[in-house]
Amino acid sequence: MNLTDALQVAIAEEVAAMGVGHRELAAAAAALSRRYRGPGPATGAAWTDADVAAYLVTRLPATWAATAAALSAVAAARPAWRPCTVLDVGGGPGTVLWAATRVWGSLVRATVVERDARMLAMGRRLAQRAPQPVVRDALWVASDVTRGDGGPSADLVVAAYVLGELPAAARPTFIRRLVTAATVLVVVEPGTPDGSARVLAARDVALAAGGRTMAPCPHDGACPLAAPDWCHFAARVARTKLHRQLKGGQAPYEDEKFSYGAWASDGMGCEQPVPGRVLRHPRIDPGRITLTVCTVGGTSTEVVTTRDRAAFKAARKVTSGGTWPPTAGDR
């Protein structure tokens, strides 16, 4: 996935205007990477200019790609749903808003709740370059979600890379509050064992509060994966030249590994129930493709051969996080 042109230009302009030196920027980017993949909670220290610039270059594209992938799965599960309002909890510079408007053109009102003044100010500036009025006119609320503040009710509530900043004891109350505030709640975390565990714990709370699973699980039952395995997916996002330099890599893209969960609290299930979710990148061998799939009955291994040309063609297209078997329109 690629950021929209408007967002890419806005990020480049803001980073250039901040004038942070390359060495300071690289150090901040490395620290951010450790922070997002650690067991948490984060320190809660105020963001510096270097932190904000590093986030815009390295973390915002990854967060955007992971969130857009999770929201796309929700849209696929309930194609007729047209959310009008969105709440981005702990939203930083409003990354979720840009991802949500990519998925739904029906959004007309947005709220971002963020505690850090620098991030709020940056979010406002980026939003003014957005082509969508809902992003430009978003309400920015200075509030600390780590102290229990959640924000107003909304059709879509998203907490992306937030649970890791909360003490473990505070997370159940936080999730219950968001479930009651949302028609659909989406939680996104890093695709690490710790991140996946946070999502699974949130899943238990959301289901106990009356939510129903929309994605990625094809059921509301217990997770069939056992340690050392864990549920995670990957979203590919293009890298800028500066992004590659800060990460010390040459590849023009990176794969952001993430875990997520989405639950509906309006009593409605999915319009298109998922028969199975592909958990790993397919293994492709001559004449056969092997898929690891999560189903209502647990995990299974599906082997697709060239004997079924339609299924084989579909299997070549499916990626980690996709549904299986495919619908008629996907074949």
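The values are calculated or read from the model by the stated rules, or taken from the named source; none is laboratory data. Just so we're clear, the structure is a prediction, and the values are computed from it rather than from any experiment. Glycine also receives a Cβ, built like all others from the backbone with ideal geometry; neighbour counts cover every protein chain displayed.
Select from the range 275-292 the residues that are free of Cβ contacts under 8 Å to residues at least 24 places away in the same chain and surrounded by 14 or more Cβ atoms within 10 Å (Cβ to Cβ) and write down the one among them that is farthest from the chain's Cα centre (by Cα). Checking each candidate, the answer is R288. Could you check, for the range 79-94, whether at least one of its residues is touching an Asp or Glu at 6+ places or on another chain (Cβ under 8 Å), closer than 25 Å to A53 by Cα and of a type in the set (A, V, I, L, M)? Checked the range 79-94: no residue is touching an Asp or Glu at 6+ places or on another chain (Cβ under 8 Å), closer than 25 Å to A53 by Cα and of a type in the set (A, V, I, L, M). Scanning the range 180-202 for residues that are surrounded by fewer than 22 Cβ atoms within 10 Å (Cβ to Cβ) and under 17 Å from the mean Cα position of the chain (by Cα) gives T192, P193, D194, A197, L200, A201. Among the residues of the range 159-179, the ones that are of a type in the set (S, T, Y) and surrounded by fewer than 18 Cβ atoms within 10 Å (Cβ to Cβ) come to 1 in all. Just wondering, is there one or more residues in the range 107-119 that are of a type outside the set (S, T, N, Q), surrounded by fewer than 20 Cβ atoms within 10 Å (Cβ to Cβ) and in a strand (DSSP E or B)? Yes, that holds for at least one residue. Looking across the range 255-274, just one residue is over 21 Å from A100 (Cα atoms) and crowded, with 20+ Cβ neighbours inside 10 Å, and that is V274. Number of residues in the range 92-116 that are aromatic (F, W, Y) and more than 20 Å from A10 (Cβ to Cβ) equals 1.
Counting residues in the range 128-148 that are charged (D, E, K, R) and either surrounded by 23 or more Cβ atoms within 10 Å (Cβ to Cβ) or touching a strand residue (DSSP E or B) at 6+ places or on another chain (Cβ under 7 Å) (or both) gives zero.
Only residues that are buried (at least 19 other Cβ atoms within 10 Å of the Cβ), without any contact (Cβ under 8 Å) to a residue 24 or more places away in the chain and not β-branched (V, I, T) were counted across the range 293-331, and they come to 1. Where helices (runs of 4 or more DSSP H) sit wholly within the range 2-93, those with at least 1 residues that are under 15 Å from M122 (Cα atoms) occupy 5-18, 49-54, 60-77. When restricted to residues that are polar (S, T, N, Q) and modelled with pLDDT of 85 or more, the range 1-58 contains 3.
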